[in-house]
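Shown next, in structure tokens, is the structure this report addresses.
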Amino acid sequence: MDTLLFGISGLPLGNGFTKFSYASGIDYAKSIGLDAMELLFVRNVNVTDNNKGPILQAKLKNDFYLSAHGSHYINLNANESVRQEQSIERILKALEGLSKVGGRSLIFHPGFYLGDSKEDAYNTIRDNLLRLPLTGVDYRLETTGKGTQFGTLEELVSLCKEISSCKLCIDFSHIHARYNGKLKGFNDFAIILQYVFDELGKSALEDLHIHMGGVNYNEKGERNHLPLLESDFNYVDCLKAIKYFNVKGCIIAEGPMVEKDALLLKETLERL
């Protein structure tokens, strides 16, 4: 990608009275200066043959970037093999839905340790990821916000090195929460991006999918999303590091303020 896009997770808020569909939400987001939306497939895949037409039309008309967040019930390291198969099926259904509307990136959390060693969990998850088809859609492995979840930056970078169809989704807020408020200033964010550069090369920073937002956490990790301005997440220094490393790709704002936080991030970067 040759630029850095800003977008929202799910549908916009608007004036609080308008009920958006994905298609009208794309039109509205573009009208206020945003370029991307992450469709939420976390409970069900809500793109079907019945509604794909208007969504695809809105995407093409607005030159919009679409990604999707897969099911919250994916666990490629589940104890029972049948549950691993169900997780793969959930990924494939999300892939099908996103492909219907020309989406680019499918984001999901790979799984949980469930008492396994980190090495055993890694190997099981890797083997299951290798079973996913190559379709042109990127499988974006998202850094996770709790210590019980597989998905440290190091684990996911290693998987991306092994599996050509997998790329990173860096959720800076998750990393902040996982380590109980670790990301304080510019250097903390720069270390993350330098690590990605060192391990995956410049191309990874030129096509990076990023989640950012306010986050509430404790010593066990992430609890819930917050508006950026009501959290201790240092989005200004995070954006300074992103600008310093000339990162390109897409930043998705998560949390209850969606487009307001997305515009705050975009306007802050422009000021920088």
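Every read-out reported here was derived from the displayed coordinates using simple, explicitly stated rules and does not represent laboratory data. Only a predicted model underlies this, so the values are computations on that prediction, with no experimental measurement involved. A quick note on method: Cβ atoms are made from the backbone with ideal geometry, for glycine too, and the neighbour counts reach across all protein chains shown.
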Which residues qualify? For GLY213, with a placed amide H closer than 5 Å and at least 5 residues away or on another chain, they are SER173, GLU254
The rounded separation in angstrom of the Cα centers of segment 103-161 and segment 186-204 is 19 Å
Percent of all Cα-Cα pairs per 10 Å bin for segment 119-199, counting from 0 up to the last occupied bin, reads 17, 48, 29, 6
Across 10 Å bins beginning at 0, the whole-percent shares of Cα-Cα pair distances in the chain come to 7, 31, 38, 22, 3, 0
About its Cα centre, the chain carries a charge dipole, from +1 on Lys and Arg Cβ atoms and -1 on Asp and Glu Cβ atoms, whose size in debye to the nearest 20 is 520 debye
Checked against the positive end of the charge dipole of the chain (+1 on Cβ of Lys and Arg, -1 on Cβ of Asp and Glu, about the Cα centre), the farthest of TYR179, ALA68, GLN194 is ALA68
A correct Karplus calculation of ³J(HN,Hα) over segment 102-109, with 6.51 cos²θ - 1.76 cosθ + 1.60, θ = phi - 60°, whole Hz and x for Gly and Pro, returns x, x, 9, 9, 10, 9, 7, 8
Karplus ³J(HN,Hα) for segment 257-272 (6.51 cos²θ - 1.76 cosθ + 1.60, θ = phi - 60°; Hz, whole; x = Gly/Pro) runs 9, 4, 5, 5, 5, 4, 5, 4, 5, 4, 5, 5, 5, 5, 5, 5
In order over segment 202-219: 3J(HN,Hα) from phi, Karplus 6.51/-1.76/1.60, θ = phi - 60°, whole Hz, x for each Gly or Pro, gives 4, 4, 5, 6, 8, 8, 10, 9, 10, 10, 8, x, x, 8, 9, 8, 9, 5
Between SER164 and PHE17, Cβ-based FRET efficiency (R0 45 Å, step 0.05) works out to 0.45
Those trypsin sites (Lys or Arg not before Pro) from segment 1-62 that are DSSP loop and have at most 11 other Cβ neighbours within 10 Å turn out to be LYS19, ARG43
GluC sites (Glu not before Pro) in segment 231-272 lying in a DSSP loop, each with at most 16 other Cβ atoms within 10 Å of its Cβ, come to none
Quick calc, segment 1-91, dipole around Cα centre from Cβ unit charges on Lys, Arg (+) and Asp, Glu (-), nearest 20 debye, gives 260 debye
Listed by chain and number, the residues whose amide H is under 5 Å from that of PHE150, excluding neighbours fewer than 5 places away on the same chain and using placed H, are GLY111, PHE112, TYR113
Over all directions, segment 207-268 yields a Cα convex hull whose mean projected area in nm² is 4.4 nm²
Cα convex hull volume per residue for segment 1-159, in Å³, equals 130 Å³
In Å, the C-alpha Rg and Dmax of segment 124-272 are 15.0, 45
Taking alpha-carbon centroids only, segment 256-270 lies from segment 17-41 a number of Å equal to 14 Å
Any residue on another chain or 5+ positions along whose placed amide H is under 5 Å from the amide H of SER165 is listed here as none
Note to self: Kirkwood Rh of segment 36-127, Cα pairs, one decimal, Å, is 14.1 Å
Among ALA29, ILE163, ALA204, the residue whose Cα sits farthest towards the positive end of the charge dipole of the chain (+1 at Cβ of Lys and Arg, -1 at Cβ of Asp and Glu, taken about the Cα centre) is ALA29
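For segment 92-144, what ratio Rg/Rh do Cα atoms give with a Kirkwood hydrodynamic radius?
Computed over Cα atoms, the ratio is 1.03.
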